[in-house]
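**Q** The structure that follows is given in the form of structure tokens.
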Amino acid sequence: MKNLKMKKISLKNILKKTFKNKKKKSLKKKIKTKKVIKNKKLKKNNKKNIETKLNKKVTIATKEVKGDNPKIIKNVDQKPEIKKVKTQGTEKRIYKIKDYVVYPKHGVGQITEFKKISIGGIDVETYVLKFDKDRANGMVPVNKQSYLRPLATINQINKCVSILKSKPKIKRSMWSRRAQEYEAKISSGKIYELTEVVRDLNKGDDLMIDQSYSERQLFEKAYERLLAEFQIVLGTNFEDTQKKLDKALKRNLEAQTPKIATQPKENIEESPEITE
């Protein structure tokens, strides 16, 4: 009987031990699986973080190339670019120093010197113009010398005189529209269009009658520009060129023609001799 009891006890103990071992093993397996899952998740997260960082770098680089966000350039490691000083395209100078040219916006000017200046990091060669009337200087790049015009020839001056002698062509449109057309002709730089403006706005001796302030301003502007070009081309002084222009426009003719003073004959009555 004792032996049977011992056997029973031993079987129970053995079974308990086996179950305990199985439970421990299952727990260990569960812990291991959990650890493995955690490690896998961590690896995935790390991969995702690395990919997102790489994507961010790529987008930053593309933005820098496109020029969308210039502030991010500092964050990305790039080699410093060596910027070379760009120069203006080579073009022959048409005009020389001391030449007179016509700049449409300001009129007749004289080239005083050639000067190199930097505009936006580009070396540009320019003409320096002096305008005596405005007492101002201006610069015109050599690559834009097509805006300048040489002075008119004597044949062109003679044609201008014939235009001034012809009848004015005045449109019946609104003055605002006509004023714009006159202004465009003055700033065009074409001498024939300039003479047409002088002819059409000329009022002869009655300059102050039926003429607004804006009309007088436009006339004086065109007249002075034409006078300056006439003076340089003809090589005459200011008074003589003004007389030539006024004669063609039939202005101030009374002041130009010298008056011949004629004294009227006086009827003197002879007094009778007094005899004592």
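**Q** First check a/c for the range 86-150, with a ≥ b ≥ c the square roots of the eigenvalues of its C-alpha gyration tensor; if it is under 1.5, answer rounded, and if not, answer prolate when a/b is larger than b/c or oblate otherwise. Write out the running numbers ahead of the final one.
**A** Numbers: a/c = 2.09, a/b = 1.67, b/c = 1.25.
Cα axes put the range 86-150 in the prolate bin.
**Q** Which FRET efficiency value, to the nearest 0.05, do you get for residue 156 and residue 98 by plugging their Cβ-Cβ distance into 1/(1 + (r/R0)^6) with R0 = 22 Å? All intermediate terms of the calculation are to be shown ahead of the outcome.
**A** Numbers: r = 22 Å, r/R0 = 0.98.
With a Förster radius of 22 Å, E is 0.55.
**Q** Calculate, in nm to one decimal, what residue 243 and residue 203 gain on full extension: separation in residues at 0.36 nm each, minus their alpha carbon distance.
**A** On the way: separation 40, 0.36 × 40 = 14.40 nm, distance 1.61 nm.
Using 0.36 nm per residue and subtracting the Cα-Cα distance, I get 12.8 nm.
**Q** Can you sort 200, 240 from fewest to most other Cβ atoms within 10 Å of each residue's own Cβ?
**A** Neighbour counts put them in this order, fewest first: 240, 200.
**Q** With respect to the cross-link table entries 92/130; 130/167; 98/247; 185/247; 92/165, which display a Cα-Cα separation exceeding 29 Å?
**A** Numbers: 92/130 21 Å; 130/167 35 Å; 98/247 31 Å; 185/247 23 Å; 92/165 40 Å.
Result: 130/167; 98/247; 92/165 exceed 29 Å.
**Q** Moving on to the next point. Neighbouring Cβ atoms within 10 Å as the yardstick, rank 126, 195, 112 fewest first.
**A** Details: 126 20, 195 27, 112 13.
Fewest to most other Cβ atoms nearby, the residues stand as 112, 126, 195.
**Q** Taking H placed 1.01 Å from N in the peptide plane, check which residues at least 5 places from residue 124 or on another chain put their amide H under 5 Å from its amide H.
**A** 117, 118, 119
**Q** Each residue of the range 123-136 in order: what ³J(HN,Hα) in whole Hz does its phi give by Karplus 6.51 cos²θ - 1.76 cosθ + 1.60, θ = phi - 60°, with x for Gly and Pro?
**A** 6, 10, 8, 10, 8, 9, 9, 10, 10, 5, 5, 7, 6, 9
All of the numbers you see were taken from the coordinates with simple rules; none came from a lab. Please read these numbers as outputs of a predicted model, since none were measured by experiment. Cβ atoms come from the backbone with ideal geometry, glycine included; neighbour counts cover every protein chain shown.
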